[in-house]
Amino acid sequence: MKRGFTLLEILIALAVLAIFTTALLAFTQGTLGANRLARRQAQLLEELKDAAGYLSDTLQEVKAVVPSASVNGQNCAAPKCLAALVPDPDNAGKCALRAYRLEERVQVGDDYKVPDPWADANTYMLREYRLGNQACDATSFGNAQPSVVLDLVDNDPGLAFVQVQTTPRLALTLNLRLKAKEGSRIIYVPGQGQVYRVRIYPRNAL
């Protein structure tokens with residue numbers, strides 16, 4: 001006569017199955033979390049590269065940098081803000097303003113950003129201000145139109161967004177790093193303590 005499983009044997013088998021199931025679930029969740037983290041890092045790196053390319057293309061046209069400008073009533077000076085003048089293609093003999101300012105994300109209106117309380121408290125937003133038909137020696141600009149160039153910029157006070165070199169020729173150095181929270185982890189792109197650096201030599205500089 002065949003003997004069936006005892007209650008104790010069944011309970012032991014169920015316990016072993018539960019252990020294996022828990023381990024498999026933890027492994028799966030860890031793998032999915034790592035994949036999400038990798039995708040997020042790749043997305044941020046792509047956004048950083050796109051913004052750096054745009055800034056480089058625009059700032060190559062710079063004719064002059066305004067060391068201390070007033071843009072929409074706010075002071076604009078390195079290292080958190082750059083005000084530059086480029087030849088205005090629509091107005092001969094005039095210049096157009098291109099100003100780039102790091103602003104606390106929490107201070108930027110909701111129309112310009114995806115809601116993220118952690119990012120509001122821990123990152124900057126890089127915004128561009130444009131204004132055409134200006135004198136090429138102007139230092140004060142009103143009604144410049146803002147747009148977003150890059151979100152989630154690291155608010156590390158030791159990270160100088162822009163450095164301006166005037167001799168022997170004008171050179172602009174942009175230092176960028178992004179920061180975001182994915183789950184319980186904070187992501188830095190290109191990496192914590194690393195900087196994505198862009199050096200630009202404007203071809204129209206006086």
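The values are calculated or read from the model by the stated rules, or taken from the named source; none is laboratory data. Just so you know, these numbers come straight off a predicted model, no measurement behind them. Neighbour counts run over all protein chains shown; Cβ positions are idealised from the backbone, glycine included.
Numbers for the structure displayed
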item	result
Tally of residues being more than 20 Å from residue 121 (Cα to Cα) and within 17 Å of the chain's Cα centre (by Cα) across the range 159-190	5
Residue list for the range 167-204, filter: part of a loop (DSSP other than H, G, I, E, B) and either closer than 15 Å to residue 79 by Cβ or among the small types (Gly, Ala, Ser) (or both)	177, 183, 184, 191, 193, 195
Residues that are among the basic types (Lys, Arg) and under 15 Å from residue 73 (Cα atoms), drawn from the range 99-153	101, 130
Failed item in (1) surrounded by 15 or more Cβ atoms within 10 Å (Cβ to Cβ); (2) under 20 Å from residue 70 (Cβ atoms), with residue 175 passing the rest	(2)
Filter result (surrounded by 18 or more Cβ atoms within 10 Å (Cβ to Cβ) and in a helix (DSSP H, G or I)) within the range 90-114	105
Flag for residue 184 being surrounded by fewer than 16 Cβ atoms within 10 Å (Cβ to Cβ) and closer than 21 Å to residue 50 by Cβ	no
Exclusive hit being within 19 Å of residue 199 (Cα to Cα) and polar (S, T, N, Q), set 107, 134, 165	165
Those residues of the range 110-152 which are more than 21 Å from residue 71 (Cα to Cα) and of a type in the set (Gly, Ala, Ser), in sequence order	119, 121
Close pairs (6 angstrom Cβ cut-off, 6 or more residues apart or separate chains): surrounded by fewer than 16 Cβ atoms within 10 Å (Cβ to Cβ) and at pLDDT below 95 in the range 58-79, among the hydrophobic types (A, V, I, L, M, F, W, C) and part of a loop (DSSP other than H, G, I, E, B) anywhere	68/77
Out of 164, 153, 149, sole residue that is farther than 26 Å from residue 43 by Cα and either of a type in the set (Ser, Thr, Tyr) or part of a strand (DSSP E or B) (or both)	164
